[in-house]
Amino acid sequence: MAPQLTLQAPLQLPPNEVPAYLNRLWSDHLRESSGAATFTLVVWEPSWLQQQLIRTGRIDGPITGLLNDQLLDAARQAIGALGLAASTAPTAPELAWALGQQPGSHEAEDLRGQFVDRAISAHQPRRLITLAPTLAGDQHLESTVAAYCPLPEERGINADACGDVVVLRGGMGAMQQGLAMLQELIPDDLPCWVWWNGTMDESPELLEALAVPPRRLVVDSSIGEPRRCLDLLVQRIERGQAVNDLNWLRLRTWRESLAMVFDPPSRQSALEQVVQLDIDVEGQHPVKGLMLAAWIADRLGWHLLNSYWIDGGAGEGRGIGAEFQRKDGQSVQFRLMPVPVGVSKMHPGALVGLRLICAPPQRSPLCVILCSESGGCMRLEAGGVASMELAEEVVPLPNESEEMEMARLLGGGHDSTNPLLATAAALAAKLLPN
């Protein structure tokens, strides 16, 4: 957290007393200000993986809700110990579920909501509300409040930059019961972001109640059943809500690298002659690969004709095939395939590689291959590529946390959905076969 002056140390209160207490707090301590005129951030922070790793004794507490190297290492070790596929990402919901079937009763202090990432606190949220569901489904609702101001040497003693923190903790039933009180804590006169920092499958009623327009919704389409992830994105965007997807943001370096490959004038015309697009992903979560394919198709003006499942053979899982039609009426074949990996990246469905084959008339074919730093391009280099002009690049993968990406969104405003995301999500939903 950024350096702070504590106005109110974390204090546990009965949930029904929180709204009135916060009103008194501000009127008593900061008579001339109601706090920073910035925004409210509501975070759904289940942290099921961290809770299960601690319960089974694989890591020590406290529960913070933050991903770190120790947690990710323990998660990858658990993937092997529980017999899950090597391509299973450490943040995949199926790992937390598998851990939930294991014995263990180790406990730790729960500090979710009290560890505010420095990148987020730098934007001075007026109110940060964390919903922290517990593994014990019958646990009653608890609430903690705190308030902070920037240190004098940071910004001077300025009440207009102060904010407060509210944490609601309890079982899933208690979370539902606390919704009415929660709505009282969200000021109508400030922008509100709802960060659904968990799987998009769980608690649809709670998500619906929290993320009502005009609140801005932030999700991660790599966490959850692919059809549900894409349909929820499309539905929310069609309703006119401002939606941001962390999974889409992680495609930034892939889009930039592909654009740079075609920067030379000698290659730009080849973009109009694409005949084949291949994308390899880790594991059985195709959403990120489909979003990249949809962005390429939209930018080049392709029309989707059909999509279908591909049998990847024993142990490889199903791939996805599709046929597009270019502006000139010619066909483009698309294949997305899951590939085995030694060490999976943090998020499900991470991109391993991309191959784009262009066949300009009166010229030798051009093959563009992009690969991730930890993945190889050997599979994409097969199949007659040696006879083509080859352009191969390694995509620099950002090593940024979800909190850093969230801070970037908060800094940019984004009171509407990125039009590129809106188009890509709609086409990706059509690319995923029923």
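The values are calculated or read from the model by the stated rules, or taken from the named source; none is laboratory data. Note that the structure is predicted; figures quoted are calculated from it, not measured. Every residue, glycine among them, receives a Cβ derived from its backbone with ideal geometry; neighbour counts consider all protein chains shown. Side chains included, ligands, DNA and RNA excluded: accessible areas come from the protein's heavy atoms. Shrake-Rupley method; radii C 1.70, N 1.55, O 1.52, S 1.80 Å.
What the table shows:
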| item | result |
| --- | --- |
| Qualifying residue in segment 169-177 (condition: in a strand (DSSP E or B), modelled with pLDDT of 90 or more, within 20 Å of residue 65 (Cα to Cα) and touching a His at 6+ places or on another chain (Cβ under 9 Å)) | yes |
| Residues that are open to solvent by 50 Å² or more (accessible area, probe 1.4 Å) and farther than 24 Å from residue 211 by Cα, drawn from segment 235-258 | 252, 256 |
| Residue check, residue 76 of a type in the set (Lys, Arg), within 21 Å of residue 346 (Cα to Cα) and assigned to a helix (DSSP H, G or I) | yes |
| Filtered residues of segment 211-223 (kept if under 16 Å from residue 288 (Cβ atoms) and open to solvent by less than 10 Å² (accessible area, probe 1.4 Å)) | 219, 221, 222 |
| Complete set of residues in segment 352-365 that are open to solvent by 20 Å² or more (accessible area, probe 1.4 Å) and touching a Cys at 6+ places or on another chain (Cβ under 9 Å) | 355, 365 |
| Filtered residues of segment 108-163 (kept if modelled with pLDDT under 85 and basic (Lys, Arg)) | 118, 155 |
| Residue 178 vs. criteria open to solvent by less than 60 Å² (accessible area, probe 1.4 Å), at positive phi and touching a Leu at 6+ places or on another chain (Cβ under 9 Å) | no |
| Selection status of residue 85, modelled with pLDDT under 95 and either in contact with a strand residue (DSSP E or B) (Cβ under 7 Å, 6 or more places away or on another chain) or surrounded by 14 or more Cβ atoms within 10 Å (Cβ to Cβ) (or both) | yes |
| Odd one out for residue 385, checked against (1) in contact with an Asp or Glu (Cβ under 9 Å, 6 or more places away or on another chain); (2) without any contact (Cβ under 8 Å) to a residue 40 or more places away in the chain; (3) open to solvent by less than 30 Å² (accessible area, probe 1.4 Å) | (1) |
| Residue 195 vs. criteria at pLDDT 95 or above, aromatic (Phe, Trp, Tyr) and touching an Asp or Glu at 6+ places or on another chain (Cβ under 9 Å) | yes |
| Tally, over segment 307-323, of residues that are modelled with pLDDT under 85 and among the charged types (D, E, K, R) | 1 |
| Residue satisfying all of: in segment 304-329; in contact with a helix residue (DSSP H, G or I) (Cβ under 8 Å, 6 or more places away or on another chain) and not acidic (Asp, Glu); nearest to residue 421 (Cα to Cα) among these | 304 |
| Qualifying residue in segment 282-289 (condition: among the basic types (Lys, Arg), at pLDDT below 95 and in contact with a strand residue (DSSP E or B) (Cβ under 9 Å, 6 or more places away or on another chain)) | no |
